[in-house]
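Report on the structure given below.
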Amino acid sequence: MIELENVAHSYGGGDLLTEVGLTLAPGSFHFLTGPSGAGKTTLLRLCYGELIPSAGNVRLFGQDVRQMSRDDLARTRQRIGVVHQDCQFLNHLPLSENVALPLIVSGREAEADPANLRELLHWVGLSRQADALPPELSGGERQRAALARAVIMSPDVILADEPTGNVDWEMSLRLLQLLVELNKMGKAILIATHDLNLIRAAKAQVAARVLRIKDRRLLQAGANL
Amino acid sequence: MNGVLDQMLAVLAGDRQADRVVPPTGFTARLTIFTAGAMAFLAVFALALSMASGRLADRWADALARTATVRISAPQGQMQAQTDAVMAILWTTPGVADPRVLSAEEQRALLAPWFGPDLPVDRLPLPQLVELTETEDGFDAEALRLRLAAEAPGAVLDDHARWRRPLVRAADRLRLLGLVSIGLIGLATAAMITLSANAALAANAQVIRVLRMVGARDVYIARAFVRRFAGRALQGAAAGTLVGMIAVALLPGADPAGGFLTGLGFQGWGWIVPLFIPPLAAMVAFWATRAAAFRMLTEMT
Ligand SMILES: Nc1ncnc2c1ncn2[C@@H]1O[C@H](COP(=O)(O)OP(=O)(O)OP(=O)(O)O)[C@@H](O)[C@H]1O
Ligand SMILES: [Mg+2]
């Protein structure tokens, strides 16, 4: 669904990433690791078309990002759920509406079942905060809300950048559980994380592959962690 | 064109949700409404001015174009002879219709406003007036003057053009100025809306980023802003137009006998014209905001 072929990217100056090849197929589960500043966030941004590669090709659902119009890109993003490292919300709307925002902007709010939203909020432990405004939430609560927002449209691909950075181990497992369930439904999952314990916990449940950015290249890490 | 209209109607019909995704703003909203109102108020006056001066120009051009006067000043004894000579010339001049010697009563009536009704016209050495009407083709005033000078030295042709033309020109110019003012008011409104839309877009950069990230299309994002600004412009301009029209209606009325000046104001169907100002203002706001929004959106992926 998402294919990167010999991709390079630079923000000006030298290449940050080179010769990156990656295919996210339906039902695949990947972790992305690497030292801070290696380019994990950059790679994720390439995967949902926020960045255009400086070399190579990125294809989203079969379409080359360079050939996509802005509306194509918008429609593609409705099929890709993203959890950003710095979760941003509409600060004037309550959490529940923020989580439902992808439905609202795609005009699918009417046909959505409100019970799903409640259940999802319950799963990420935010039922009580449903009416709170985002600035009133803790860092971990924001991350959970961002994850809930990323999955509400039941997207084909979920890209999560450090989704468990600010939450305790128990909640991390709970969020992982949610992603694993979605993966079993055939969604492709890519999680950037430093948390090796989380990777181990996932490997116990699904066939997760671990990718590592080293020396500007994307490598398959072995089974040994 | 149809698509554009549909789109405008869709935008104005609105989508409550699309409105909510942009945070409400109290103060700048009131400023936009106020400015749109002030602009509409000015537009009403510019419109009244140009329509009134247009009427004035048309009336002067019309009423005065077709008449002229010959004034004969001669010693008492020669008056009749010269008048006859003038009439003979006029009857044979192409383009002149119905020359008519004004009677003593008519001349007295003309002078009455200046000297009172008891003026003894017959005992004063007043010039004799001959009124004439132009035909469709008009006459050659210069040639007529030459003939009159040769055969009736006391006769002077006054075709009113001398003082009519500058007046008509002035009234025409006034109408043009009014129209130019309306154009400038429209452009200033567009500039003002663009500025405040840019400010609103910049203040909501995060909102726009988030919307874009969760898959909102450009039109959806733009619509939230466009609808707001078009709505504000419509509200403000409606209020401004209303106040302006009331102010024009309350202006002291013009002399109904058709005095020298027509009143500044609207007449008959003319009252419909200012009602177009609010929708026009909304349209200007629509395009200005839309352009500003798309300009900003294309700068982000
Ligand atoms: N918009 C940008 N303009 C210029 N340089 C950038 C930009 N964004 C990131 N960088 C640089 O690119 C490098 C990689 O950034 P990136 O955010 O991808 O790292 P990361 O692997 O996600 O790090 P972390 O684990 O800390 O989140 C960093 O050195 C950063 O300074
Ligand atoms: Mg990062």
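The values are calculated or read from the model by the stated rules, or taken from the named source; none is laboratory data. These numbers come from a predicted model, not from an experiment. Here the Cβ is made from the backbone with ideal geometry for all residues, glycine too, and neighbour counts use every protein chain on show. Each accessible area value is taken on the protein alone, full model and side chains, heavy atoms only, with ligands, DNA and RNA left out. Shrake-Rupley method; radii C 1.70, N 1.55, O 1.52, S 1.80 Å.
Remarks
- Of all residues making up the range A:17-33, the number that are within 16 Å of ligand 2 (Cβ to nearest atom) and either out of contact with any helix residue (DSSP H, G or I) (no Cβ under 6 Å at 6 or more places or on another chain) or at positive phi (or both): 4
- Set B:S73, B:S50: member being of a type in the set (S, T, N, Q) and touching a helix residue (DSSP H, G or I) at 6+ places or on another chain (Cβ under 8 Å): B:S50
- The set of residues in the range A:56-85 that are open to solvent by 40 Å² or more (accessible area, probe 1.4 Å) and assigned to a strand (DSSP E or B) comprises A:N57, A:R59, A:Q63.
- For the range A:134-154, filtering for residues that are in a helix (DSSP H, G or I), within 14 Å of chain B (Cβ to nearest Cβ) and open to solvent by 30 Å² or more (accessible area, probe 1.4 Å) leaves 2.
- Taking the range A:160-180 as the range and being within 25 Å of A:V105 (Cβ to Cβ), within 16 Å of ligand 2 (Cβ to nearest atom) and either more than 13 Å from chain B (Cβ to nearest Cβ) or open to solvent by 10 Å² or more (accessible area, probe 1.4 Å) (or both) as the test, the residues that pass are A:A160, A:E162, A:P163.
- Boolean, A:A207 is on the phi < 0 side of the Ramachandran plot and more than 16 Å from ligand 2 (Cβ to nearest atom): yes
- Criterion (away from chain B (no Cβ under 14 Å), away from ligand 1 (no atom under 16 Å from the Cβ) and among the β-branched types (V, I, T)) met by exactly one of A:I189, A:I199: A:I189
- Selection of the range A:181-195 for residues being over 11 Å from A:S154 (Cα atoms) and either open to solvent by 30 Å² or more (accessible area, probe 1.4 Å) or not assigned by TED's automatic domain parsing to the domain that holds A:T33 (or both) yields A:E181, A:K184, A:H194, A:D195.
- A:G49 falls short of the stated requirement of being more than 14 Å from chain B (Cβ to nearest Cβ) and either away from ligand 2 (no atom under 16 Å from the Cβ) or open to solvent by 50 Å² or more (accessible area, probe 1.4 Å) (or both).
- Restricting the range A:35-50 to residues that are within 12 Å of ligand 1 (Cβ to nearest atom) and among the small types (G, A, S), the residue that is nearest to A:P155 (Cα to Cα): A:G39
- Tally, over the range A:16-34, of residues that are more than 7 Å from ligand 1 (Cβ to nearest atom) and farther than 16 Å from A:N57 by Cβ: 9
- Single condition A:S106 does not satisfy, out of (1) outside the structural domain of A:T193 (by TED's automatic domain parsing); (2) modelled with pLDDT of 90 or more; (3) polar (S, T, N, Q): (2)
- A:V157 falls short on exactly one of the conditions (1) under 20 Å from A:G81 (Cβ atoms); (2) open to solvent by 70 Å² or more (accessible area, probe 1.4 Å), and that condition is (2).
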